[in-house]
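The values are calculated or read from the model by the stated rules, or taken from the named source; none is laboratory data. Since we're looking at a predicted model, the values are computed, not measured. Cβ placement follows ideal geometry from the backbone for every residue including glycine, while neighbour counts extend to all protein chains displayed. In case anyone asks, the SASA skips ligands and DNA or RNA and just uses the protein heavy atoms, side chains included. Shrake-Rupley method; radii C 1.70, N 1.55, O 1.52, S 1.80 Å.
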Amino acid sequence: MHIHILGICGTFMGGLALIARSAGHKVTGCDTGVYPPMSTQLEEQGIELTEGFSADQINLNPDLYIIGNVVTRGNPLMEAILEKNLPYVSGPQWLGDHVLRQQHVLAVAGTHGKTTTSSMLTWILEYAGLQPNFLIGGIASDLGISARFNPNHKYFVIEADEYDTAFFDKRSKFVHYHTRTAILNNLEYDHADIFPDLKAIETQFHHLVRTIPQSGTVITPTQDEALERVIARGIWSKQDHFGSNANWQCGQRDAAGQSFEVIHQGKVVGKVNWKHTGTHNINNALAAIAAAKDIGVEPAKAIEALSKFQGIRRRMELRGVVNNISVYDDFAHHPTAIATTLDGLRKRVGSARIIGVLEPRSNTMKLGTMAARLPEALAQADLVFCYGETQGKHALGWKPEEVFGTQADKVKTFHDIELLKQALVEIAQTGDHIIIMSNGSFGGLHDKLLKAL
């Protein structure tokens, strides 16, 4: 079958393309404004890309169009598909119907840490020799690719997103996944462009819980009120917990979180020693260990694997060091993620100066729904450079100058990336740690800054 994917360079759809090809299909796709690492990965895998959504792509005559949720009515190619009544389906539904139904699916859901936890879990299963299939919204250094599929292998780890499925299917993606082992990492308000409030997201999470069989397992943290409300609405599966006073918890640890004991059922079962930092990553690790145990991987093997875990691109990824100035790339864009990321870095570097560079680019951040939380979220940074576009689809609906008005000595706002880069170069000193936070490409600022330094 020839499949043509609209929106192929999104992290989910790009991974789906690799899986479809591994399942024996011919795969092509189209998108606009593409950037690494996904565009690079697709090119390396020999998947043909078309720039833009021109209606003449129907002349490729594919058997099926898979529609990404970036596609809306008015999209020229989508309009041609509808006009000619050509066959189309959403990515999550195609994946659920044609791939996941035959697999033991381990799904990782939550507001924060989905990509990291999915990668940890996949690496544990890989290290244990289970050769898992997977689809992750990022590229882990240990795995080298964001998706893999072999129908002869039974376990499939998937990053389970609560965002809506497509313009014609407003259910969350994860309801399509036939989940058997679920990690619900945490739950906060996000995606203000599609959810009116936290209660609406809780409903979608409960829809996921409703789809898990009695023999399946739902793994949740302690002390997460939103998830407690989700579970209180009904659960029909086994449960496991991680966190304070739970079945899985952290014992003795160092301040940065680079070494910590894993406690299972009140007993220390091993110690993780790794390069990663922060309480959030410890919790991600505990959840991954619990999910691996659910399918038979002993904690000692999981702990051994995590001690070798190299991490995810764009998750506190050190992009380079020039004159002892370290430049990091991080995906953090929600205030909670920004705060935990900076806290982990602070505990690792001590009193060294941290310069936070933020591009509020997600739909939620552009709307300004959480803008008021940003000053507190950035408290651990010594200096903050905030960038906001003023025109186009990424323009902010609020003014950083007003949000950070009382912190003018600490926070500088910019509307031009080149000027921001020049200001960073002028202010950077030996020993600084510059962390660039965005869920987009940020105009290639990372490489431009390293070159300028």
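What relative contact order, as a whole-number percentage, does the chain give when Cα pairs under 8 Å and 6 or more residues apart are counted?
On the way: 941 pairs, mean separation 53.1, N = 453.
Relative CO of the chain lands at 12 percent.
Accessible area per residue (1.4 Å probe, heavy atoms of protein chains only) ranks LYS114, LYS199, LYS293 as LYS199, LYS293, LYS114, with the largest value leading.
Helical runs (DSSP H, four residues minimum) scored at -39500 (n - 2.57) apiece and divided by the length of the chain put the mean residue ellipticity at 222 nm at -9000 deg cm²/dmol.
The convex hull built on the alpha-carbon positions of the chain has an orientation-averaged projected area of 21.0 nm². The amide H of ILE219, built 1.01 Å from its N in the peptide plane, has ALA182, ILE183, LEU184, ASP240 as neighbours under 5 Å, considering only residues 5 or more places off or on other chains. In order along segment 53-64, phi translates into HN-Hα couplings of 10, 5, 5, 5, 5, 5, 6, 5, 6, x, 7, 7 Hz, rounded to whole numbers, per the Karplus curve 6.51 cos²θ - 1.76 cosθ + 1.60 with θ = phi - 60° and x for Gly and Pro.
Computed with a 1.4 Å probe over protein heavy atoms only, the accessible area of LEU306 comes to about 0 Å². Summed over the residues of the chain and divided among them, the accessible surface reaches 40 Å² per residue at a probe radius of 1.4 Å.
Counted over all Cα-Cα pairs of segment 163-285, pairs farther apart than 23 Å make up 41 percent.
Summing +1 for each Lys or Arg and -1 for each Asp or Glu among the other residues whose beta-carbon sits under 14 angstrom from that of ARG229 gives -4. Between the listed residues GLY344, GLY356, GLN407, the Cα displaced farthest toward the positive end of the dipole of segment 310-453, a dipole computed from Cβ unit charges relative to the Cα centre, is found at GLY344.
Ranked by solvent-accessible area (1.4 Å probe, protein heavy atoms only, all chains present), the residues GLU162, GLU51, GLU83 order from largest to smallest as GLU83, GLU51, GLU162.
Taking every C-alpha pair closer than 8 Å and separated by at least 6 residues, the mean separation divided by the residue count of segment 223-284 gives a relative contact order of 23 percent.
Sorted largest first by accessible area at a 1.4 angstrom probe radius, with every protein chain in place, the residues SER362, SER141 fall in the order SER141, SER362. ARG171 contributes about 120 Å² of solvent-accessible surface, heavy atoms of the protein only, 1.4 Å probe.
Run down the aspartates and glutamates and flag those whose C-alpha is under 20 Å from the C-alpha of LYS275, throwing out any fewer than 8 positions away in its chain. Straight-distance partners of LYS275: GLU126, ASP142, ASP254, GLU261, GLU304, GLU317, ASP329, ASP330, ASP343, ASP432.
Modelled this way, with points 7 Å down the Cα-to-C-beta line, the labels at THR72 and SER244 are 4.2 nm from one another.
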